[in-house]
Amino acid sequence: MKTQLFAGAAALALVPSALASDLEPLIEAPIEVRGRALSGPAAEAAADAARQPGNISVVDSQDYADRYAIGFTDTLAFTPGVIAQTRAGEESRLIVRGSGLYSNIHMRGVRLLFNGLPITNADGFGDFQEIDPLVVSHMAVHRGANGFSLGSSMVGGAVEVTGLNARGLSTPGEIRAEGGSFGSSRLHGRYGEAGERFDYVVAGTWTRQDGYRDNAEQSNGRVYADMGWRWTDRIETRVGVLGNDVNQMLPGSVTREEALSDPRMAAPASVAGRHARDLNAWRGWTSTRFDMGAAGELLIGGGWTTRSLWHPVPVLVDQDLTASHLSALWTGQSSAGGMPVEWRVGGGYQRSRTDARVFVNIAGDAGPQIGDALQKAGALTGFGEVRVTPVPQLDLIAGVSAIDTDRRVGDRLAPSAGGDVSFSDLAPRVGAVWRAADGLTAFANASGVYEPPAFNELTQGGVGGFTPIEAQEGLSLEAGLRGAGPRLAWEVAVFQINLENEFAAFTEIPGIPAATFNAGDTIRRGVEAGIEALAHDGPQGAIRPRLAWTYGEYRFDGDDVYGENRLPGAPRHQVRAELGFERGDIRLAPNVTWRSGDAYVDYANTVTAPGYTLWGLNASWQATERANLYLEARNLFDRAHIATVSTVADAATASQAIYTPGEGRAVYAGVRFGFGAVR
């Protein structure tokens, strides 16, 4: 269907995922394009992202609506600068500008938020499994220092996830059913209504799979609700809840030979120890927005979390967490000396309490207790930013962010093994955005980076005593270009991050969290580039190619032990490309993922993980105005490959069971049906 779109909306239709930027001021004449524009909320997020002096990508959920997307590996597949390495099911290792390279488990170096509520704990540690892609409206990836306004000064920045809102639904209700390889099935339903004052949406998702590998089955249930009430035309309150019941078995890591010759096998120790990750979590939030006219807009919010974890690995981790969060954001605009001036001032306070117990793992059951700690963390963050526009084409931005955070560990078994530590930092940020003619925008920024250690580092994975280490800190430099026209949208950014006190860790015993320490100086350099084009649009259909390229060079800078060696865990290159053919209501899109074979597995730089090329195919058919069907095939040639590794000090002497095989050939199919009045 052809849609008449003006300015930014026209270009946005060409950029359904990582290239989505605010092109509204860049194209003046209305043009016709074939395809689907960004949803309203995603378009607003993209408009704001494009005004920032850094590389921020907005991913609309419509971009993966016709795919079997269960985690960040799927939803952020076409986002330049993001490498998501699947470990098991929905759990991934997320690398953004070299973040979390040392972390062999869960998520580090990136702040994750859902509807303004931090999913990342107050100490900076976190997980991905609580995000259900089917209740997401859109996601914004604020790479590196661009997480500034979201309370993140981490190396990887922040991923801001926005859930569904009834006012953005195309139909009040939807039912979705999917199934495919490895015993995979998923059912999803949602319903919402929006009136003049009140709106609501509720949703639920049930997922199960046997898994590609042995000991990899899982069964998960999730619920989501979001409600809003407009007190007046200037005041609106929203409340919501997100619930997760995740039951997941873990196949573990194997040797390189086993991963490539028998990729479906699980590690024998994982089977014997019934390694698993069972998570039950409930999160609630509320926010109120006040439109104060000439005085700007004020947004205040808060939230709470209760979360239980049962996690048999070589040891058995049993944790109960409670947390709370408060935040505020004031934005506005005025003028000074005849120049437009905008401001953003905000901050938040997050507090968490974790009862952390560790037992000997006896075939998945708790044996003798070997750890019992009370972990308390608090984090106070704030920022202020001013934007001045001396000429219509140029924005100058200056700001500062602050963090004051503490960690306290009370060891109930050995009180002398506890401890506490606090961290604080004040980081500046300056940047510029230049809007040239013909849809070209240039941007640059220089920003501070500061990342305190989490409890996992301070307690050496909960199996060691309190070990205070320093925060890693440094300077981030970034510059880039983005452009858009009727048939082409593209972006490219280059960055360098100089760090002191780099967190370094390596596996000593397979499955046991690594010992963490501060290394010397390190340097991260990289390129993030994406392009999407409308190569052809005629009576026979449209052709839309798109490509995302990520390049990263991360290395020590004269380390006493490792010299100039590269940091292990990430390849230099990753390319994801797709060639979409559209005719009428049918879309066919072959795709390819290529990862270079130069990711070292050890700090000594003796062994690299092999690279790979994986081919896939996606097909979809909009059968009616309400019904969509899709078919997706992955790894068509069934290539054995390594998805991720657990880094070690020296692969020549350490355990070799550090490789996680990727999934083999898979086929999935699904149908979604909307009901109620079409909006």
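Things worth noting here:
- Lone qualifier among 277, 283 - being of a type in the set (D, E, K, R), farther than 25 Å from residue 371 by Cβ and surrounded by 16 or more Cβ atoms within 10 Å (Cβ to Cβ): 283
- Within the set 427, 366, 377, 356, the sole residue that is more than 30 Å from residue 497 (Cβ to Cβ), in contact with a helix residue (DSSP H, G or I) (Cβ under 9 Å, 6 or more places away or on another chain) and part of a strand (DSSP E or B) turns out to be 356.
- Output for region 599-619, where each listed residue is not in a strand (DSSP E or B) and not polar (S, T, N, Q): 601, 603, 604, 607, 610, 611
- Residue among 291, 262, 245 that alone is of a type in the set (D, E, K, R), at pLDDT 95 or above and either under 15 Å from residue 221 (Cα atoms) or surrounded by 22 or more Cβ atoms within 10 Å (Cβ to Cβ) (or both): 245
- Hey, residue 170 touching a residue at least 40 places away in the same chain (Cβ under 8 Å), part of a loop (DSSP other than H, G, I, E, B) and touching a helix residue (DSSP H, G or I) at 6+ places or on another chain (Cβ under 8 Å) or not: no
- Against the list (1) among the small types (Gly, Ala, Ser); (2) within 21 Å of residue 569 (Cβ to Cβ); (3) more than 22 Å from the chain's Cα centre (by Cα), the condition residue 476 fails is (3).
- Condition check for residue 253: in contact with a strand residue (DSSP E or B) (Cβ under 7 Å, 6 or more places away or on another chain), buried (at least 22 other Cβ atoms within 10 Å of the Cβ) and hydroxyl-bearing (Ser, Thr, Tyr): yes
- Residue in region 527-535 that is surrounded by 19 or more Cβ atoms within 10 Å (Cβ to Cβ), without any contact (Cβ under 8 Å) to a residue 60 or more places away in the chain, closer than 30 Å to residue 443 by Cβ and not basic (Lys, Arg) present: no
- Test: residue in region 252-275 that is in a strand (DSSP E or B), out of contact with any Gly (no Cβ under 6 Å at 6 or more places or on another chain), on the phi < 0 side of the Ramachandran plot and small (Gly, Ala, Ser): no
- Going through (1) in contact with a helix residue (DSSP H, G or I) (Cβ under 7 Å, 6 or more places away or on another chain); (2) modelled with pLDDT of 90 or more one by one, residue 392 falls short only on (1).
The values are calculated or read from the model by the stated rules, or taken from the named source; none is laboratory data. As the structure is a computational prediction, the values presented were derived from the model and not from experiment. In this analysis, Cβ positions are derived from the backbone assuming ideal geometry, glycine residues included, and neighbour counts consider all displayed protein chains.
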